[in-house]
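The values are calculated or read from the model by the stated rules, or taken from the named source; none is laboratory data. All values reported here derive from a predicted model rather than from experimental measurement. Note that each Cβ is placed from the backbone with ideal geometry, even for glycine, and that neighbours are counted across all protein chains shown. Surface accessibility is based on the protein's heavy atoms, side chains included, excluding ligands, DNA and RNA. Shrake-Rupley method; radii C 1.70, N 1.55, O 1.52, S 1.80 Å.
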Amino acid sequence: MNNIYEIKCFIASPSDTAEERKACETVFEEINHGLGRALGFRIVSLRWEKDVYPSVGEYGQQVINQQFENDYDLFVGIMKNRFGTATPQAGSGTEEEFNIAYEKFQNGEIGNLFFYFDISDKPANELDLDQFRKVKDFREKIEHDGVVPMQYQGLEDFKKQLKNNLEDYFNKNKPSKRKKRIQTDKEEIIVKSKAAFYDYKKLWEDILNSKDLSKRKLEQIEKKKKLCRFTKIIFPQELLVQRMMTKEPLTAEKAFLFALAVKDIGQIPSYYVNYHKEDEELSKQPIWIQLIEREKTLHGSTDSLSEVGENWALYEQIQRHLFNLDFSKSKELICSWNAKDYWLQNKCMCMAIHEDLLKDAQTLLDETIKKEKNPSEKLYEVILANFISHTWPQPYSTDNYWRYGLDGQGDMLNFMMSSLRNKKEKPKRRGWIGSTWNIGSNHGDYVKSLRILQFIIDSGIYVSLPGYIMFDIANWYIVFQNLYEYFPYPCFFYSIQYNERDVQRRIGEDYAYNVNLQKFNDDILIKSLNAFGKDETPVSFKNGILNVTATMYIAVDEELWFELFKESVFKVFLLRLQDVRDSDELVFNVKFALGSIRNPDNIYWAFQQLISRYSMNNGVVSDIIVNNLLIQHIQKEIKINDTLLFPNVLDRNTLFLLDTLNDEGLLSEELISSICGIIHKTDVQDIPHDRVMLFQLFNLVKNDKESIEKIKGCFLSMNIWHCGFLSDKEFGWTEPMYIRLNLLYDKITWTDDEFEIIKENLIKNVSLYDKAHKSLHEDSFMKSIQVRYLSDMIKFIDGLKTERQKSLLPMRGIIEKLLLDRTQYADNIDLMMSEQPADVDRAMENIYEGIIHNGIERYQEDVDFLIDRAIMKRPVALTRNLKCIKLILAENASQMICLGYIKKLHKLLDVYKDPTSWSVLDLRFAFNYLQFVANTLKQNGVTDEVIDFWIESTFVNRFIVK
C-alpha cells in the first residue's frame, strides 16, 4: 500500500446537484478498482457535507475555504439551474471555491479543474430565471478565463463523462507524490510571475465591481502592468471599455484606465471616436498618444514622429519604414537605437532579419536574458533567441517556464486564434476550386484579428523567418482576410515573410482584385520593386515580395511600374536566367509581369530580351513567350531567320515556341526552309513521336512534301485512335491520347494503304471501347470522360471522300450509338454539382463538345444549369464555368438569343457586378469572359447600367486582353 498515491478531489456545486455529488463517489470507486489499481492511485472526495468539521469564520464559506485550502489535488465543479447564495467575496460559494481553485491551478498547486454544466431541457415554470441567468454568465466568464467546461444531459451522461475525463487525465498525467513542492528560488520566482497575471486580472475585476478609482488602486494596476505586458484574459478590460463608451467626459483616472484597457484589448482610438473624440483628459494620456500614433502606422503613415528619442516612438518609426518596405532607413534607425528594458527584444528582432546584424542580435539577446529579472519577459527573450538561432537543439530550454504556466508568444497567438472561428486550411487559388473564405467577416472577427496584429507588432516578432515559423500561414490568412482592406500595409509586410507561394499568390490576388485598394496597390508595387533592387532588403522578404506582387501587376497602370520592373526584377532574372527553374519565385513573378504588359513597345522590348537569350534556358524562355507574353500585340515588322537561336528545333520547348511564333507570322521563309532541311536529314525514328509535337511540326513545314511524308509516317506508326485503355500488362483507363486527324483531313492526303492503317486502328479502338465502356463507366473518372473523342471520330468519318466514308459507315453507326450512350452515362448536371474540379471541368467540356456536334437544343437543360450554377456562385471551377458560357455563346449567339437566354445572361452580369462576388473568381480571366457576354448582349440591343459597367469600368478594363 505504500506505493498507492492518494488523489484528493474537491467537489464544488450549488444545492441542486445532490445527485451529481453522490455520483462522483460512484465514479471515483469505479476508477479506483480499475485504472487506479493499474497505475497505483486512489481518488478520494472532499465534500463540505462530510469533510468539514464545525468551526467559526467571518462567514460560512470561509470555514470551508480554510479547512480545504491546502488539501486537494483536483477540482470538480458542477452546475445545473442554481448559481447559489452570494458571499462577501463572490456571487456564490461555488464561484468563490472556483476562484480559489483557479488561482491554485495558475500557480501549479493543483493538477486540473473539471467543470460540468447540465444542459438538459428544463420547464420554464420550474426555473428561477435570475439564478439560471447567473449560471449562464458564470459559464461565459470561466470560458473567457480559458477554462473549457463540459456539458451533460442527465445523471448517467454526467457519470459517463466524468469517468472518461478523469481516466483520460490520469492516463496522460501519471500520478506521483500528492504534493509537488517548489524546489528552487528560481522556480518560486516563476510561480510568482504567473501569479502576477492573476493579480492583474483581479485588479481589473475589483475596479469593475467596486468602481474603486483611488490613486492607490491605479498605482497598483500600473505596477502590475509592468510585470504583465501581454495578458491572455482581457474580459474585465473589455467590460470597462464598454461601460465608458458614453459621451460623458472622462476624469483623469478614468482616462488612464480607458487608455490602458484599449491598449490591453488591442484596439485603436478611431473606434471610439463617437464617444471620446476630443476628450481633454484622454488626449493627455501618454498611452492614448501612443495608440493614436500606432493607428497612423497601421494605415501606412510615413510621417516622422517628434518623440523619436523615446523607445516607443523610435520603434514606431522603424515599423513605419518597414511597413513601407524601406529597409534602408529602418536599418539605419535600428543600428542607432539605444533600446532599454523589453524594447531590447524588439530591437533584436529588427536586427535579426539582416544577415550582417544577426550575430549581434544573438549576442544582445544572450546578454539581455542573463540580466532579465522578470520571468515572463525572460521567456519571451528565450523564445526569440531560439527563433533566430538557426540551430538544433535550440540554445535555451523553456520547460521550467511552461511547467508553471507562463505563456510565450506562440501560446498567446494560439490562445487568441482559438476564439477566431474555427481554424481553416490554407486557402486555394481563385476560380479553379474557388475561395475558401467569404468576404464580409463579422465585426467580432475584425476585433479579435486586430488584437492579434497588435500583439505581433508590440512583441516585435516576425511571423516567419527562414527555418522557423512563429505563426502558421493558415492562421495568418484568417487574420489577414479580416484586416487587409483596413490595414493593407502591415498585412502586406507580414505576408511577405512566409515562403508559401500558393498562399502568397492568393494574398496578392486579394489585394489586386479589391477595387477599394487600387491606390494602395499602386503605392506598394512601386515600393516593392524599389525594395527588391536594394541590398538592404532581406533575401527572404524579396522572395515574399515576388510571390505576393506577381498578381498585382495587372491591377496597376503599366506606365507606373514597367521601367522599375526592368531595372529590378527583370534585370536579376536575366542575370540568373541560365540557372533559374520554372518553379522559382523569380520566374513566377516575371511571368505575371510580362503577361500584364499591354504596351506594344514594351512587349517588343521584352520579346527581344528573351528571344536573344533563348539558348540560355529554352524551357523557361519558351514558356514565357508562349504562355505569358502577348506577342500578338507587337506592331513592328519582325521576321526571325536565325536558326542559331534554336540549337535543337525538334526539342519540345523549341517546337512549342516556333509554333507560337509561326502562328503570329514572326518566322521568315528562310527559317522555315531550314527547319524542313533538318527534318529531311533526320531519321523517322528520331523525329518526336508525340501527337502535339507532330501537329506543331506539320504546321511549321506547311507544303514541304518530304517533311510531310515523314510526319505522316510518324502518325501512322502510333496508336492513332487510342481509346484510353492501358496496355495488356496494366489494368485501367486513362484519357484517350489520340491524334485528331479530323483537323487534318483537308491538309493531308492519305494513300489507300495509309487510309487502311487508319481505318483498322479506328475499328480496333472502337471495338475495345464498345466492349468495356459500360463497366468502366462505373468508375467516377470514367463517368466524366470527354465526349470529344467519339465526336472527333464522327467528324473524321464525315470529312472523308465518299468511298472511304462508305467503308466506315457501319462503324460510324456504332460510334453514334456510343456517343448517345456516353451522353446517358455522363449526367452533366450531377457532375457539375461535384466537389471535384476535374469532374466539373469535364462536364463542361462534354456540354461544349456535345453542342458543337449535336446543336444547342439537345443540351438546353445543361446550358440552363451551367448558367444557373454561375449565378449561384458555386465556387468549384467557377472561373472555368464562366469560360464555358463564353465559349458556347461565341459559337451559338444567335441560337441562344432565339432560345430566350438574354434575361438569364443579363442576370449573370448583374450578379457579378457586385465586388463582393469577385472573391471566388480569378479576375484576370473572369472579367474577359463577362465582358464578352456584355458585348454580345449589347450587340443584340441590350443597354443599361449593368452592360455599361462591364464594358466601360476602368477597373474591369485593367484585366481585359483585347
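Here are the numbers for this structure:
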quantity: E563 farther than 19 Å from V626 by Cβ and without any contact (Cβ under 8 Å) to a residue 24 or more places away in the chain; calculated: yes
quantity: Residue within region 69-89 that is more than 25 Å from G146 (Cα to Cα) and of a type in the set (V, I, T) present; calculated: no
quantity: Unique residue being in a helix (DSSP H, G or I), among the β-branched types (V, I, T) and within 23 Å of K795 (Cα to Cα) when the list is I720, I748, I757, I675; calculated: I757
quantity: Selected residue (criterion: most open to solvent (accessible area, probe 1.4 Å)) from residues of region 354-377 that are in a helix (DSSP H, G or I) and in contact (Cβ under 8 Å) with a residue 40 or more places away in the chain; calculated: E355
quantity: Residue match in region 767-775 (condition: under 22 Å from L726 (Cα atoms), modelled with pLDDT of 80 or more and touching a Lys or Arg at 6+ places or on another chain (Cβ under 7 Å)); calculated: no
quantity: Matching residues, region 903-922, being open to solvent by 50 Å² or more (accessible area, probe 1.4 Å) and either of a type in the set (V, I, T) or in contact with a helix residue (DSSP H, G or I) (Cβ under 9 Å, 6 or more places away or on another chain) (or both); calculated: K904, K907, D910, K913, P915, T916
quantity: Residues of region 930-962 classified as part of a helix (DSSP H, G or I), farther than 18 Å from S596 by Cβ and not polar (S, T, N, Q), total; calculated: 14
quantity: Residue match in region 5-25 (condition: among the β-branched types (V, I, T) and open to solvent by 60 Å² or more (accessible area, probe 1.4 Å)); calculated: no
quantity: Residue in region 306-321 that is open to solvent by 10 Å² or more (accessible area, probe 1.4 Å) and β-branched (V, I, T) present; calculated: yes
quantity: Residue within region 271-288 that is at pLDDT 95 or above, over 25 Å from P236 (Cβ atoms) and open to solvent by 10 Å² or more (accessible area, probe 1.4 Å) present; calculated: no
quantity: Scan of region 90-133 for residues that are surrounded by fewer than 15 Cβ atoms within 10 Å (Cβ to Cβ) and closer than 30 Å to D407 by Cβ, ordered by number; calculated: none
quantity: Among the candidates S419, S435, S464, residue that is of a type in the set (G, A, S) and modelled with pLDDT of 85 or more; calculated: S464
quantity: Pairs with Cβ under 8 Å, 6+ apart, first in region 896-923 and in a loop (DSSP other than H, G, I, E, B), second of a type in the set (D, E) and open to solvent by less than 40 Å² (accessible area, probe 1.4 Å); calculated: D922/E509
quantity: Residue in region 212-227 that is under 39 Å from the mean Cα position of the chain (by Cα), crowded, with 17+ Cβ neighbours inside 10 Å and closer than 27 Å to F83 by Cα present; calculated: no
quantity: Conditions (1) at pLDDT 90 or above; (2) open to solvent by 60 Å² or more (accessible area, probe 1.4 Å); number of the one not met by Y745; calculated: (1)
quantity: In region 71-89, residue least open to solvent (accessible area, probe 1.4 Å) [restricted to those that are without any contact (Cβ under 8 Å) to a residue 60 or more places away in the chain and polar (S, T, N, Q)]; calculated: T87
quantity: Given (1) part of a loop (DSSP other than H, G, I, E, B); (2) over 40 Å from the mean Cα position of the chain (by Cα); (3) surrounded by fewer than 19 Cβ atoms within 10 Å (Cβ to Cβ), number of the condition M737 does not satisfy; calculated: (2)
quantity: Residue match in region 135-158 (condition: open to solvent by 40 Å² or more (accessible area, probe 1.4 Å), touching a residue at least 40 places away in the same chain (Cβ under 8 Å), among the basic types (K, R) and touching a helix residue (DSSP H, G or I) at 6+ places or on another chain (Cβ under 9 Å)); calculated: no
quantity: In region 660-681, residue least open to solvent (accessible area, probe 1.4 Å) [restricted to those that are over 16 Å from D704 (Cα atoms) and of a type in the set (D, E)]; calculated: E664
quantity: Region 296-326 - residue that is small (G, A, S) and not in a helix (DSSP H, G or I) and, of those, modelled with the lowest pLDDT; calculated: G309
quantity: S596 farther than 28 Å from R652 by Cα, open to solvent by less than 20 Å² (accessible area, probe 1.4 Å) and either hydroxyl-bearing (S, T, Y) or under 26 Å from the mean Cα position of the chain (by Cα) (or both); calculated: no
quantity: Residue among K795, K873 that alone is part of a helix (DSSP H, G or I) and surrounded by fewer than 22 Cβ atoms within 10 Å (Cβ to Cβ); calculated: K795
quantity: Residue, nearest to P490 (Cα to Cα), within region 327-343, restricted to residues that are open to solvent by 40 Å² or more (accessible area, probe 1.4 Å) and assigned to a loop (DSSP other than H, G, I, E, B); calculated: Y342
quantity: Lone unmet requirement of (1) open to solvent by 70 Å² or more (accessible area, probe 1.4 Å); (2) in a loop (DSSP other than H, G, I, E, B); (3) not hydrophobic (A, V, I, L, M, F, W, C) for P688; calculated: (1)
quantity: Exclusive hit being among the hydrophobic types (A, V, I, L, M, F, W, C), open to solvent by 60 Å² or more (accessible area, probe 1.4 Å) and either at pLDDT 85 or above or touching a helix residue (DSSP H, G or I) at 6+ places or on another chain (Cβ under 8 Å) (or both), set I814, I847, I851; calculated: I814
quantity: Search result, residues across region 603-619 that are open to solvent by less than 20 Å² (accessible area, probe 1.4 Å) and touching a Phe, Trp or Tyr at 6+ places or on another chain (Cβ under 9 Å); calculated: A606, Y614
quantity: Conditions (1) surrounded by fewer than 20 Cβ atoms within 10 Å (Cβ to Cβ); (2) among the β-branched types (V, I, T); (3) at pLDDT 90 or above: number failed by I182; calculated: (3)
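For every residue, the table says whether it meets (1) in contact with a Gly (Cβ under 9 Å, 6 or more places away or on another chain); (2) at pLDDT below 95; (3) among the aliphatic types (A, V, I, L, M).
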| position | (1), (2), (3) |
| --- | --- |
| T537 | no, no, no |
| V556 | no, no, yes |
| F562 | no, no, no |
| V569 | yes, no, yes |
| L574 | no, no, yes |
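Residues checked against (1) open to solvent by less than 10 Å² (accessible area, probe 1.4 Å); (2) at positive phi; (3) of a type in the set (S, T, N, Q):
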| residue | (1), (2), (3) |
| --- | --- |
| Q497 | yes, no, yes |
| Q504 | yes, no, yes |
| Q518 | no, no, yes |
| G533 | no, no, no |
| S540 | no, no, yes |
